[in-house]
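Please read the structure below before turning to the comments.
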Amino acid sequence: MRRSIITGTGSYLPKRIMTNDELADIVDTSDEWIQARSGIKQRHIAADGELTSDLGTQAALKAMEAAGLGPDDIDLVLVATATPDETFPATATTIQHKLGITGGFAFDVQAVCTGFIYALATADNFIKAGQVNRALVIGAETFSRILDWEDRTTCVLFADGAGALVLEASEEEGTNQDRGILTSHLHADGRHHDLLYVDGGPSSSQTTGYLRMEGREVFKHAVTNLANVVGEALDATGLNADDIDWLIPHQANKRIIDGTGRKLKMDPAKVVVTVDKHGNTSAASVPLALDEAVRDGRVTKGDLLLLEAMGGGFTWGSALVRF
Ligand code: UT7
């Protein structure tokens with residue numbers, strides 16, 4: 001059976017770190033409130049002129065280096081982002097160019113915080129269909145550019161960063177012991193638009209707009225949807241929560257992550273958490289967390305990973321991957 005296996009990961013964070021205390025100088029908040037409600041201690045913010053494509057390119061270079069591949073080897077560049085450099089062309093084509101890739105095809109995937117799971121599933125399906133052999137899947141965001149820095153309910157949560165991985169076609173046995181993406185599950189429900197959206201866009205306001213969120217309502221949906229979608233991945237494969245070596249969740253809120261971990265009865269030591277250092281980097285958060293756990297030696301070849309995310313739309317999804 002043709003599977004898509006991860007052969008390299010990479011990530012990049014802008015140099016500038018912003019602490020909770022710095023935010024307390026801008027809006028009426030405190031380090032204590034931010035840590036207690038979200039688990040966030042600090043976040044990275046892109047420099048002036050540093051674009052989503054710059055972050056994504058750096059992460060992709062590291063993933064390609066880890067996979068031992070050069071620009072001529074890649075036939076698909078997929079970028080999950082809700083903060084593209086420009087309305088068009090796709091940031092994926094800009095990154096493709098910055099990487100010196102001239103073959104294959106490239107496009108953006110827009111599913112906000114679930115974007116990376118959507119992009120991973122999309123690349124997996126192109127590979128399984130035999131249309132692509134080696135895909136670069138990137139999550140890259142500069143959410144600092146769409147934050148209302150006077151809105152304390154949102155500006156303390158989101159941040160900038162990028163993560164990437166290389167997916168390569170491999171002939172496997174067709175069992176749960178295979179390396180690669182074993183299953184993926186995507187969902188959307190557009191009825192919840194008003195709970196998490198950006199109040200601008202080329203067709204509506206001809207402005208970029210700012211992120212608006214009813215955090216408490218999003219929180220409730222996130223807990224339920226994520227519990228359902230991780231259950232769905234296990235049911236589809238017949239695997240149990242005990243089989244999971246690492247839960248690599250979207251990093252929106254430590255309390256949501258803990259809730260999903262409890263639901264799966266997972267040892268908290270088996271849950272990769274980066275929200276404390278990165279904040280919510282939207283589509284970049286899952287590949288950033290994965291790369292951190294690969295590079296510090298926690299995630300090793302053969303480990304079973306459960307990835308999940310939930311975001312604006314609403315969108316949500318999961319993937320079970322044997323690394
Ligand atoms: O990645 C996409 C998906 N997004 C998410 O998953 C985010 C989901 N939501 C959350 O993570 C949480 O709902 C938040 C972290 C956004 C908020 O935590 P909460 O426990 O739901 O707090 P809350 O919204 O119920 O607000 C509690 C209080 C309110 O005051 P009152 O109405 O109780 O007097 C807020 O006005 O905290 C106030 N508040 C703040 N206080 C200090 C809201 N933001 C702040 C702030 N600093 N930054």
Of the residues that sit in region 150-179 and are touching a Pro at 6+ places or on another chain (Cβ under 7 Å) and away from the ligand (no atom under 16 Å from the Cβ), which one is farthest from GLY200 (Cα to Cα)?
LEU165
So, first residue in the same structural domain as SER144 (by TED's automatic domain parsing) and among the charged types (D, E, K, R) in region 55-73, second residue surrounded by fewer than 19 Cβ atoms within 10 Å (Cβ to Cβ) and not in a helix (DSSP H, G or I), Cβ within less than 9 Å, six or more apart or across chains; the pairs are ASP72/GLY100; ASP72/THR102; ASP72/GLY103; ASP73/ASN133
Scanning for something touching a His at 6+ places or on another chain (Cβ under 8 Å) and polar (S, T, N, Q), does region 160-177 turn up at least one residue?
no
Search region 93-149 for residues being of a type in the set (Phe, Trp, Tyr) and within 16 Å of the ligand (Cβ to nearest atom), and hand back the single one that is nearest to THR281 (Cα to Cα).
PHE143
In this structure, does VAL166 turn out to be touching a Leu at 6+ places or on another chain (Cβ under 7 Å) and without any contact (Cβ under 8 Å) to a residue 60 or more places away in the chain?
no
I'd like to know if region 64-82 contains one or more residues that are assigned to a loop (DSSP other than H, G, I, E, B) and either within 16 Å of the ligand (Cβ to nearest atom) or among the polar types (S, T, N, Q) (or both).
yes
Mind telling me which of the residues GLN58, GLN35 ends up being within 16 Å of the ligand (Cβ to nearest atom), polar (S, T, N, Q) and in a helix (DSSP H, G or I)?
GLN35
Test for PRO268: is it outside the structural domain of LYS15 (by TED's automatic domain parsing) and away from the ligand (no atom under 16 Å from the Cβ):
yes
Which is closer than 23 Å to PRO14 by Cα and modelled with pLDDT of 95 or more, of ALA135, ALA159?
ALA159
Sole exception among (1) touching a Pro at 6+ places or on another chain (Cβ under 8 Å); (2) in a strand (DSSP E or B); (3) among the charged types (D, E, K, R) for ARG43, by number
(1)
Just to verify a result, which residue in region 190-210, among those that are in contact with a Leu (Cβ under 9 Å, 6 or more places away or on another chain) and under 19 Å from TYR118 (Cβ atoms), is surrounded by the most Cβ atoms within 10 Å (Cβ to Cβ)?
LEU196
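Are any residues in region 180-196 touching a strand residue (DSSP E or B) at 6+ places or on another chain (Cβ under 6 Å) and more than 11 Å from the ligand (Cβ to nearest atom), and if so, which ones?
Answer for region 180-196, where residues must be touching a strand residue (DSSP E or B) at 6+ places or on another chain (Cβ under 6 Å) and more than 11 Å from the ligand (Cβ to nearest atom): GLY180, ILE181, LEU182, THR183, SER184, HIS185, LEU186, HIS187, ALA188.
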Residue count for region 222-242, restricted to those that are without any contact (Cβ under 8 Å) to a residue 40 or more places away in the chain and either surrounded by 17 or more Cβ atoms within 10 Å (Cβ to Cβ) or of a type in the set (A, V, I, L, M, F, W, C) (or both)
3
Would you point out the residue of region 243-252, among those that are of a type outside the set (A, V, I, L, M, F, W, C) and surrounded by fewer than 23 Cβ atoms within 10 Å (Cβ to Cβ), that is farthest from the ligand (Cβ to nearest atom)?
ASP243
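The values are calculated or read from the model by the stated rules, or taken from the named source; none is laboratory data. Small disclaimer: the values here were computed from a predicted structure and weren't measured. Cβ sites come from the backbone with ideal geometry, for glycine too, and all protein chains shown count toward neighbours.
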